[in-house]
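S.K.: Could you have a look at this structure, given as structure tokens, before my questions?
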Amino acid sequence: MTSPVATASDRSAPTSSGTSGSAPRLRTPRRRHSADRPRRSVLLTVLTSLVLLYSLVPLVWLAISATKTQEGLSRSAGLWFDGDFALWDNITETFTYDDGVFTRWLLNTLLYVGLGAGGATFLAVLGGYALAKFDFPGRRSVFAVVIGAVAVPGTALAVPTFLMFSKMGLTNTPWAVIVPSLISPFGLYLMWVFATEAIPTELMEAARIDGAGELRTFFRVALPLLAPGVVTVLLFTMVATWNNYFLPLVMLKDPDWYPLTLGLNSWNQQAATAGGEAVFNLVVTGSLITILPLIAAFLLLQKYWQSGLAAGSVKE
Amino acid sequence: MTTLQPPAAAEPRPAPPPVRRDRRSWTGWGFLGPFVAVFALVFLAPLAYSVYLSLFRDQLIGGTTFVGLDNYAEALKDDRFWASLGRVSLFLAVQVPIMLGIALLVALALDSGRLYGRDFFRISIFLPYAVPAVVATLMWGFMYGTRFGLVGDINGALGVSLPDPLSPDLVLASIGNIVTWEFVGYNMLIFYSALRVVPHSLYEAAQIDGAGQIRVITAIKLPAIRGALVIATIFSIIGSFQLFNEPSILQPLARNAITTDYTPNYYTYALSFNGQQHNYSATVAIVMGLITMVIAYAVQLRGMRKGV
């Protein structure tokens, strides 16, 4: 996610015109609001607030709806509370309904995220470090192949992967979800760009001269410098695994191995099946419980992932 | 898509002296090896297997036989496939410009420093990205519903009758709205991150030269983040062509409007898992993959050209 095109020539033009424009500066009285600290605009804030409302209203709707009973959902207005405040009942019922299958889905999701996103981040960090800091044959073609593969539609891979995994006896096991999650081309790219910026080659040379092996140099010198990049990649692979729907849909038959996304959808569709019980209040409450951990992670770690992303954009 | 690599000029240091090269080549692969090994297992092998599958056909009599490019010929004549491709193309032409346009405007507003509460805006607008597509679709599906949705509320409160967002005429736009909601913040963040690293001295210089805000945006900011714009566009194109989650989850709510061949991805999924036509499914998926790559590559070439 960088701007590989903006080269030095893009920049030099305005800069040079700035140099020639330094004379008028002497005559201009110093402005209170410079380019760095412009005047705040109420109009612009109001306009941007429209996008803010668009982004937040559905989440507010979800939070309010989670306080309603099944009947309350259809009885009351969407954006205000119903007479009955059923949030705690809904949460209890979500976790206990159908022998606590939601808890099982939550644990499955944690397993997939832990191994899938954790592993994907680890592989991306190692690979990105290699691409950024070592010169080896095939270095450029590796990335060309990886990025080219991103354009391949999910189903083009899902069907043959399913058939392959089915022959290997992996379908309907957690591995069928975890193994494909281990590859994050975006993570590799971000780590490559980040490692190029963040690790001074001199530091690695110094460590080697001091007698550190390659692994020790990586873990003791490089890894600490890569921390914001690692957090960024981890968050984005976490979102990808936590939110994954298509891969488990293809790979898993047994509801006991479902992640939350698949489970919630099965609850929702239950109402449409013959004799199925409508549990929309649980779908809504379960949805809220599903998104809270990720939103919390983004809010708590924003300092790290934002600097990681910004560093990813520095590459020119 | 090789040109997505940062240009060679971007390497921070000249190539290391040749003396070290032998030792380094081995070490680099040591770190990259695990990624490449898993990548080969979950990307390259299925891809090769997919091509292999597309050359065969399951016959009722005679079992699996080699049919060469027959499946491809069938796909090129398949009206259902072309209809689904037309649908996602229309989606792409309307939804992606709207989404990226809003994302760019918000990113420019954030970057201008003229907003009150900038950080609050940035993080709040980004939040929907953390919501799974399943949850986003279920949520919007409920809100679209006239029974306990917001549309029903608006109709009741204002005494109007808004058209049903899940009707065949409107459901594509309703899906577009869900996708826009999910990804506006993500794209905004990509653009904003790119804008943050444009040196502020450029703005000072432009201001002294008498350039207004609009001129600064068109002459400095947009060219500086062109790479981010191109990459966001490419990812959005790929995303549109791969559309599956939103229509498939909305399907039970909009049975008449959304068929199992609604998008190319949905079609290949249905072919394979409902119809057991694995070979033909693989063929359609490959054709779709090729179309996606060609268009993404064309956009990239055009976008990267100077002075567009």
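S.K.: Could you tell me the total accessible area buried at the B-A interface, probe 1.4 Å, in square angstrom to the nearest hundred?
M.R.: 11600
S.K.: Top mean-square fluctuation among B:179, B:38, B:216, Gaussian network model of chain B, C-alpha springs under 10 Å?
M.R.: In this elastic network of chain B, the residue with the biggest mean-square fluctuation among B:179, B:38, B:216 is B:38.
S.K.: So what is the accessible area of chain B per residue, in Å², with the probe set to 1.4 Å?
M.R.: That works out to 42 Å² per residue.
S.K.: Under 8 Å for C-alpha pairs, at least 6 residues apart: give me the relative contact order for chain B, rounded to a whole percent.
M.R.: Reported as a whole number, the value is 25 percent.
S.K.: Could you rank B:87, A:140 by how accessible they are, 1.4 Å probe, largest area first?
M.R.: Largest accessible area first, the residues go A:140, B:87.
S.K.: Rounded if a/c is under 1.5, else prolate if a/b is larger than b/c, else oblate: which is chain B, with a ≥ b ≥ c the root eigenvalues of its Cα gyration tensor?
M.R.: oblate
S.K.: Take each uninterrupted DSSP H stretch in chain B, measure its Cα extent along the helix axis, and return the ones at 15 Å or beyond whose mean Kyte-Doolittle hydropathy is at least 1.0.
M.R.: Helix filter hits for chain B: B:79-111, B:133-144, B:171-196, B:226-241, B:278-304.
S.K.: Counting only protein heavy atoms and using a 1.4 Å probe, what share of the accessible area of the stretch A:100-311 belongs to carbon plus sulfur, as a whole percent?
M.R.: Looking at the stretch A:100-311 in its full context, I get 68 percent from C and S.
S.K.: Roll a 1.4 Å probe over the protein heavy atoms and report the accessible area of residue A:104 in Å², nearest 10.
M.R.: 90
S.K.: As a test of the formula, what do you get for chain B when each DSSP H run with n ≥ 4 contributes -39,500 (n - 2.57) and the sum is divided by the residue count, at 222 nm and rounded to the nearest 500 deg cm²/dmol?
M.R.: One gets -21000 deg cm²/dmol as the mean residue ellipticity at 222 nm.
S.K.: Further question on the same structure: Rounded to the nearest whole Å², what accessible area per residue is found for the stretch A:100-311 with the 1.4 Å probe?
M.R.: On a per-residue basis, the stretch A:100-311 sits at 34 Å².
S.K.: Show B:278, B:200 ordered by accessible area, largest first, where the area counts protein heavy atoms only and the probe is 1.4 Å.
M.R.: Heavy-atom accessible area, descending, gives B:200, B:278.
The values are calculated or read from the model by the stated rules, or taken from the named source; none is laboratory data. Keep in mind the model is a prediction, meaning the values are calculated, not measured. Surface areas here come from the heavy atoms of the whole protein model, side chains and all, with no ligands, DNA or RNA. Shrake-Rupley method; radii C 1.70, N 1.55, O 1.52, S 1.80 Å.
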